[in-house]
Amino acid sequence: MFILFPCFCLQEYRGSVRPFVHFNAKHDAEFLHKAMKGIGTDEDAILMVLTARSNDQRQQIKAAYKKAYGKDLVSALKSELGGLFEALIVALMTPPVLYDATLLHKALKGAGTDDQVLIEILASRTGDEIKDISKVYKKEFGGKLEKDISSDTGGSYGRLLVILLQGSREEEVEEDKIENDAKDLYAAGEEKFGTDEEKFITILGNRSFEHLQKVFDAYKKISGSDIEDSIKGETTGNLEDLLLAVVKCVRNVPGFFAASLYQSMRRAGTDDDTLMRIMVSRSEVDMLDIRANFKKMYGQSLYTTIQEDTAGDYQKALLYLCGGKD
């Protein structure tokens, strides 16, 4: 008699974009070359290929294109495309870690600091991803990400960003610390006049997600309210936004991105930078879960919302990345 045990070694794939099964980089490179050759460009052909390949496969197409035609595929695409569609296709052609590093560089080196980008990336990425981003940042842009963040931000907000940038969150749940952490957060915020921000950034910046989930439960028992309410009452500005982003990611990363996507579209004018950034960066990670959370939270599908808020080839490409209606 055989006893079958469930296998927990393989996590179910939750991306909307999967590696293309019958993949041939040389064929795809030829197909793209034909789509861009002569008068006019076949945008449909370009988006059909590039949204249906994994990022790793896109890098192989890029190499095959250079070998066959002696030029860079991204440069060729840029010369043929324009506007938001061009920006989206270029983003899809960028390796994920380089994409994050480039977004952070742009957020820090542009006019003013794009805090939304800093908060989104550093609150949601894993420790290993953040370490890789820091390495690629130094290699590509010649500076240290930590130094650039420190010189562009300050106070408790800057310190928490630097803590998150270490990518060294504890991995275990320390049962004997749960009650104390909850009490410390309560004492640092709601229980006192003024706020001990250091306690918030130390605990929320260093403990494991699993540990913090238990701390938040214990906190609710002690204070009678959610940790989010305390953060909103005790902090303001970028620090408040960053602490809330960390809490949302601790509770549910796909839910955090679903809320960001909703905010990017349900306003006067679409925040295309945020929409594009999330659709590209999560398409091979957890887009199926983001879609499910979006439907649950807002009562309509992400697919339909994108349809209502965007147009043209840009819209088509986003819908391919979304991967279907719910």
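Residues considered: Ser301, Ser223, Ser230. Of these, the only one that is surrounded by fewer than 21 Cβ atoms within 10 Å (Cβ to Cβ) and either at positive phi or assigned by the TED database to the domain that holds Glu197 (or both) is Ser223.
The selection criterion, being basic (Lys, Arg) and open to solvent by less than 70 Å² (accessible area, probe 1.4 Å), holds for Arg58. Going through Val162, Val136, Val215, Val173 one at a time, which residue ends up being in a loop (DSSP other than H, G, I, E, B) and modelled with pLDDT of 95 or more? From the options Val162, Val136, Val215, Val173, the qualifying one is Val173. Looking at Glu172, Glu190, just one residue is over 21 Å from the mean Cα position of the chain (by Cα), charged (D, E, K, R) and surrounded by 14 or more Cβ atoms within 10 Å (Cβ to Cβ), and that residue is Glu190.
In segment 259-283, of all residues being touching an Asp or Glu at 6+ places or on another chain (Cβ under 9 Å) and either in a loop (DSSP other than H, G, I, E, B) or at pLDDT below 95 (or both), the one that is most open to solvent (accessible area, probe 1.4 Å) corresponds to Arg266.
Just a yes or no: is a residue in segment 305-326 under 15 Å from the mean Cα position of the chain (by Cα) and either in a loop (DSSP other than H, G, I, E, B) or hydrophobic (A, V, I, L, M, F, W, C) (or both)? The answer is yes; a qualifying residue exists.
Among the residues of segment 61-81, just one is open to solvent by 40 Å² or more (accessible area, probe 1.4 Å) and closer than 21 Å to Leu275 by Cβ, namely Lys78. Is it fair to say Lys78 is without any contact (Cβ under 8 Å) to a residue 24 or more places away in the chain and within 21 Å of Gln315 (Cβ to Cβ)? The answer is yes for Lys78.
Among the numbered criteria (1) surrounded by 17 or more Cβ atoms within 10 Å (Cβ to Cβ); (2) farther than 26 Å from Leu160 by Cβ, which single criterion is violated by Gly312? Only one criterion in (1) surrounded by 17 or more Cβ atoms within 10 Å (Cβ to Cβ); (2) farther than 26 Å from Leu160 by Cβ is unmet by Gly312, namely (1).
For segment 106-147, taking the residues that are hydrophobic (A, V, I, L, M, F, W, C) and open to solvent by 20 Å² or more (accessible area, probe 1.4 Å), the one that is farthest from the chain's Cα centre (by Cα) is identified as Ala111.
The values are calculated or read from the model by the stated rules, or taken from the named source; none is laboratory data. For clarity, every value in this text was computed on a predicted model and none was experimentally measured. In this analysis, Cβ positions are derived from the backbone assuming ideal geometry, glycine residues included, and neighbour counts consider all displayed protein chains. Side chains included, ligands, DNA and RNA excluded: accessible areas come from the protein's heavy atoms. Shrake-Rupley method; radii C 1.70, N 1.55, O 1.52, S 1.80 Å.
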